[in-house]
């Protein structure tokens, strides 16, 4: 017995794909709002600690790896473009292969981001930029800044890894079943999630790498 | 019989009476892999019942310790762990999930005329997150408990406590995301799955309360998750975000914690308000007074509830101007709450009131919530709060809201929808007795705490000056009565599952789509998807008092679907 592409993309308890798509998008937008509050708590902590210790924070900001951060920002913005194109083209079956290629490009850029992040972490560890005994920056507040740095970038990397998993699922199931790929709301939802993770990074980039750089 | 044939079971008259309880399979595996919102609601109900009694035992031991002024039954350290675990379990594993994940799950799709929630698999996943979080609570308990209080204040929780803080943090973090997923599921369901004709202002207030609470659930718990993550990062990796030794600000943690935990109070109480708004019109045979204002009040409470958190920090060193604003906003949030109490009372006016157990519990809710709310205004006044901070007055205040309010409403819901959930009637006389016993037991337990708190008895101490002993003895004796009242439903409701009278589809002659389907409902809720053409709570014609109506008039008004 064969099922139609609609049936395979349609999930319980839905009758038609358009309503299902609406629901999926509603869900992911509210999830993004929730996630924004999650990172929001951390941003508030950053703001308070920066206000308390402006000099320490700026001095600490000067020790972050700007080259790593900048290249990661470029990588991630490119990945956002790729995933946006993937989502926009996914619904046209004729563009299915192109769309799935864009998903792969997004994943490659995501892995590149994590690789650069890993190199940056190695550099930071060599510089002993870990709060605790032996921390190289004397100024008050610098340790708080780096506590934010490690917590926020690690949480962001976790979110990005989840996004890679979601993209991998799209790529694999999409290759097996191109019709499902053109019907399901999953491409749009994944793209929105990926976009959210990128937006968080752009905020983190400004907060982490730019303080203390002005001359 | 295969699962495929079971799916079509509602067509067979023989299977009708078991509905969703038999369709989809009888095995444990079929329950653990179900995506049926009704079964997931029951999984949640069993889970939180276990935690309710564990949290209850923890505080029962603490209350026994308080019978004598000296610290003699358990050590001070054990006492700290007892009340901390009581708070952690009761807040995150009973009160926050209590009504939304059980009755919300079970009823919300039926009340709006849908087959299921928007994301059934996500719904099951939510339960697994809660269950995994629950396992970490057991880890924390078996390892000896946590002693930080349910508030995890830093720097004690992050740097100094040698108790099992980490498993408790993980438990709350994981189950918190389970709750967030439930909130997203509810919001999406209400937005996209209402039956034809179910306009926003025809939604039953229980659905509105689920919508308001879901907004709070989506926006508040992530902040707590971040605050707890920061504590974990400090405990495990030594990353200081709040540590004063490195220049951090412990007050910042308190802000983040209460930014969650005050809306969490509304997460606990809004569903209770929804339940009571269903029960009171039904047993008063009256339209709900001021439906639209009830809706606005629910949403207003959810929104204003986000800007009052600083009233927990009047003595923490917050600026005087912040205190002023938070005090003012705390008074503001009382306005919609008062509207609701007024409207429930006005609903009774000229009603044909009957005193079934759900109604008794609801009356208990209204009275106890009012007392809890009014004493909340005492505490919102800065000069009084400075005197009463961290005394038993605060303890009594929030137990009147959370236990007198939410738990009463939980039991109201349990009795009101028990026939729908199980297909059996509960024994009415013993249920009424339990409801009354619960009301008195509650007041015996917590009213003395108002008095001793006002007289200066601080919270969180296992030993105290002897002049407070009489109040503590009263309170502990009341807790014993309350414990019996909580255990009674466990027995007679279990009994009714096997021996109770079979319930008709609509035993209370209530309005609402959930009563138009058999008890227990079939797997897909409705044999034919409903169309809505009446307002909610149409217990009598508009502009007509109920006494001039005949029973047939009411039946005409109730339905809508052929």
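The values are calculated or read from the model by the stated rules, or taken from the named source; none is laboratory data. Small disclaimer: the values here were computed from a predicted structure and weren't measured. Because the Cβ atoms are built from the backbone with ideal geometry, glycine has one as well, and the counts that use them run over all protein chains shown.
Taking the conditions exactly as written (within 20 Å of the chain's Cα centre (by Cα) and either at pLDDT below 95 or part of a helix (DSSP H, G or I) (or both)), does residue B:317 satisfy them or not? No; evaluated as a whole, the condition is false for this residue.
There is at least one residue in the range B:382-400 that is closer than 23 Å to residue B:327 by Cα, outside any helix (DSSP H, G or I), modelled with pLDDT of 95 or more and touching a helix residue (DSSP H, G or I) at 6+ places or on another chain (Cβ under 6 Å).
Conditions (1) under 16 Å from the mean Cα position of the chain (by Cα); (2) part of a helix (DSSP H, G or I); (3) surrounded by fewer than 16 Cβ atoms within 10 Å (Cβ to Cβ), marked per residue:
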site	(1), (2), (3)
B:18	no, yes, yes
B:46	yes, yes, yes
B:51	yes, yes, no
B:69	no, no, yes
B:83	no, yes, no
B:93	yes, yes, no
B:110	no, yes, no
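Exactly one residue out of B:355, B:331, B:289 is at pLDDT 95 or above and either surrounded by 22 or more Cβ atoms within 10 Å (Cβ to Cβ) or over 21 Å from residue B:387 (Cα atoms) (or both): that is B:355. If the condition is being away from every other protein chain (no Cβ under 12 Å) and assigned to a helix (DSSP H, G or I), then the range B:201-224 contributes B:201, B:202, B:205, B:206, B:207, B:208, B:209, B:210, B:212, B:213. Restricting the range B:419-452 to residues that are farther than 23 Å from residue B:366 by Cα and part of a helix (DSSP H, G or I), the residue that is farthest from the chain's Cα centre (by Cα) is B:452. Among (1) exposed (fewer than 15 other Cβ atoms within 10 Å of the Cβ); (2) within 14 Å of another protein chain (Cβ to nearest Cβ); (3) not in a loop (DSSP other than H, G, I, E, B), which single condition is residue A:133 missing? So the condition that residue A:133 fails would be (3). Looking only at the range A:1-24, residues that are assigned to a helix (DSSP H, G or I), more than 9 Å from chain B (Cβ to nearest Cβ) and closer than 21 Å to residue B:188 by Cα come to 4 in all. Confirm whether residue B:132 is away from chain A (no Cβ under 14 Å) and either at pLDDT 95 or above or under 17 Å from the mean Cα position of the chain (by Cα) (or both). Yes: the conditions hold for residue B:132.
Quick one: residue A:110 ticks every box in (1) more than 13 Å from chain B (Cβ to nearest Cβ); (2) in contact (Cβ under 8 Å) with a residue 12 or more places away in the chain; (3) surrounded by fewer than 19 Cβ atoms within 10 Å (Cβ to Cβ) except a single one, so which number is it? The failed condition is (3).
When residue B:146 is tested against the conditions (1) surrounded by fewer than 22 Cβ atoms within 10 Å (Cβ to Cβ); (2) part of a loop (DSSP other than H, G, I, E, B), the lone failure is (1). Residue by residue through the range B:232-256, note down the ones that are assigned to a helix (DSSP H, G or I) and within 28 Å of residue B:304 (Cα to Cα). Within the range B:232-256, B:250, B:251, B:252, B:253, B:254, B:255, B:256 meet the criteria. Of all the residues in the range B:153-200, those that are under 30 Å from residue B:77 (Cα atoms) and either in a helix (DSSP H, G or I) or within 14 Å of chain A (Cβ to nearest Cβ) (or both) number 19. Close contacts from the range B:532-551, counting a first residue that is on the phi > 0 side of the Ramachandran plot and a second that is outside any loop (DSSP other than H, G, I, E, B) and modelled with pLDDT of 75 or more, with Cβ to Cβ under 8 Å and a gap of 6+ residues or different chains, come to B:537/B:281; B:537/B:291. Entry remark, the range B:372-381: residues being within 18 Å of the chain's Cα centre (by Cα) and surrounded by fewer than 21 Cβ atoms within 10 Å (Cβ to Cβ) number 1 in total. When residue B:227 is tested against (1) more than 8 Å from chain A (Cβ to nearest Cβ); (2) in a helix (DSSP H, G or I), just one condition goes unmet, and that condition is (1). Any residue in the range A:139-150 that is on the phi > 0 side of the Ramachandran plot, outside any helix (DSSP H, G or I) and within 14 Å of another protein chain (Cβ to nearest Cβ)? Looking for residues that are on the phi > 0 side of the Ramachandran plot, outside any helix (DSSP H, G or I) and within 14 Å of another protein chain (Cβ to nearest Cβ), one finds at least one in the range A:139-150, hence yes. Going by the conditions given, is residue A:99 away from chain B (no Cβ under 11 Å) and either in a helix (DSSP H, G or I) or buried (at least 18 other Cβ atoms within 10 Å of the Cβ) (or both)? Here the answer is yes, as residue A:99 does meet what is asked.
Within the range A:26-38, the set of residues being closer than 15 Å to residue B:260 by Cβ and more than 7 Å from chain B (Cβ to nearest Cβ) comprises just one member, A:36.
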